[in-house]
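Written below as structure tokens is the structure these notes are about.
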Amino acid sequence: LAAGPLAGRHVLVTSGPTHEAIDPVRYIANRSSGRQGHAIAAALAALGARVTLVSGPVAQPDPPGVTVARVESARDMLAACEAALPADAAICAAAVADWRTARAADQKMKKVPGEVPPPLDLALNPDILATLAAPGPRRPRLVVGFAAETEAVVANALAKRAKKGCDWIVANDVSGDVMGGAENAVHLVTAAGVEDWPRMAKEEVARRLAARIAEALA
Ligand code: C5P
């Protein structure tokens, strides 16, 4: 039986990008290595939690002791998250594509020299974080979102916390070399205010966040 402060708790984590098919060989995606989300899943498991990690396509290995559901699209990611409920906490670290193609082509689209490129008709994807954070009997007690910003990091994070209905926002400044990199400088936005964490390894951000989650669920 798992020991640790999160023993007996179930935590859902999303990580990585989603891929939205244009045709069988092309897709739309956000830039995301999955490194931070996977590190969070590993850190929660290390504290004894039962962890379900719903991950888009990434090169990261499955963290030890974690149940991993691999998905492609945002709609698949939402379905896998809902299938994993109930959970005590949900940590949405995935870089979900905001839009998908309204209709993916069944066959590879042909490039015809001299012809204008085909238009991309887009449809809005479901917001997984906002869906999980919506009030209801299955809402996890603690719902945490991420905000990757290139400017006005804290102001945008405060607004995002209200808009998404989540409890905490982990905001990071991605204007520098954070994407795919080893370190992260984050601000933790909670009901109590904003904490500026020093720049540290993504694994250390994950360990500190997991410890805070354990405190919140205690
Ligand atoms: O919507 P935006 O990208 O500004 O917010 C980022 C946060 O929302 C992240 O926690 C991300 O995982 C989550 N998100 C989501 N589903 C979406 C878009 C964003 O869960 N469709």
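The values are calculated or read from the model by the stated rules, or taken from the named source; none is laboratory data. Everything quoted here is computed from the prediction, not taken from an experiment. A quick note on method: Cβ atoms are made from the backbone with ideal geometry, for glycine too, and the neighbour counts reach across all protein chains shown.
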- Message: Here is a check on your reading of the model: is Ala201 free of Cβ contacts under 8 Å to residues at least 60 places away in the same chain and within 13 Å of the ligand (Cβ to nearest atom)?
- Response: no
- Matching strands (runs of 3 or more DSSP E) fully within the stretch 51-167 where at least 2 residues are over 16 Å from the mean Cα position of the chain (by Cα) and either away from the ligand (no atom under 13 Å from the Cβ) or within 21 Å of His19 (Cβ to Cβ) (or both): 99-101, 122-124
- Given the conditions (1) within 24 Å of Pro5 (Cα to Cα); (2) touching a residue at least 24 places away in the same chain (Cβ under 8 Å); (3) not hydroxyl-bearing (Ser, Thr, Tyr), report the number of the one that Ala171 does not fulfil. (1)
- Out of all the residues in the stretch 108-122, is one or more buried (at least 17 other Cβ atoms within 10 Å of the Cβ) and at pLDDT 95 or above? no
- What about Ala45, is it within 16 Å of the ligand (Cβ to nearest atom) and small (Gly, Ala, Ser)? no
- Do any residues in the stretch 122-140 that are of a type in the set (Gly, Ala, Ser) have Cβ atoms under 9 Å from those of residues that are more than 7 Å from the ligand (Cβ to nearest atom) and not in a loop (DSSP other than H, G, I, E, B), where the two are at least six apart or on different chains, and which pairs are they? Ala123/Trp99; Ala123/Arg100; Ala123/Thr101; Ala130/Lys163; Ala133/Ala90; Ala133/Val143
- Is the stretch 180-187 home to any residue that is surrounded by fewer than 13 Cβ atoms within 10 Å (Cβ to Cβ), more than 9 Å from the ligand (Cβ to nearest atom) and within 17 Å of Leu209 (Cα to Cα)? yes
